[in-house]
């Protein structure tokens, strides 16, 4: 169940960078409640957040699959792109979308 983190570890060629990314990929899951910026808690009336959530689920499935594959040419690139999108979705897109939804709710 931590194959996604193993895929992130393998996607970075530098050993220290890979270990830091591995630790960050697991620790970021504990920061998700702090990164939630939207005033509305339920995702029922937030279609953009629903789309982003299912994109994250698909990304985690891709990372899990990549973690079980051998370290070869196409899998390395796919793992690097999926790792980048994992951190982008969780650190940038979710908080930005929450702030945008707050502005939309105030209108």
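Packing here is the average count of other Cβ atoms within 10 Å per residue, and on that basis the peptides 59-65, 14-20, 49-55, highest first, run 59-65, 49-55, 14-20. Once the chain from residue 45 to residue 69 is taken as fully extended at 0.36 nm per residue, the excess over their C-alpha distance is 4.9 nm.
When the Cα atoms of the chain are aligned to their principal axes, the ranges along those axes come out at 50, 23, 21 Å in descending order. Cα centroids of the stretch 82-104 and the stretch 27-71: 9 Å apart.
What FRET efficiency would be calculated for the residue pair residue 96, residue 28, taking the C-beta separation as r and a Förster radius of 25 Å, to the nearest 0.05? Don't skip to the answer; put the middle values down first.
Details: r = 16 Å, r/R0 = 0.63.
For residue 96 and residue 28, the calculated efficiency is 0.95.
Relative contact order for the stretch 26-100: 54 percent, from Cα pairs under 8 Å spaced at least 6 residues apart, divided by residue count.
Every number here is computed from the coordinates shown, using simple stated rules; none is lab data. Since the model is a prediction, treat every value here as computed from it, not as a measurement. As a convention, Cβ positions derive from the backbone with ideal geometry for all residues, glycine included, and neighbour counts pool all protein chains shown.
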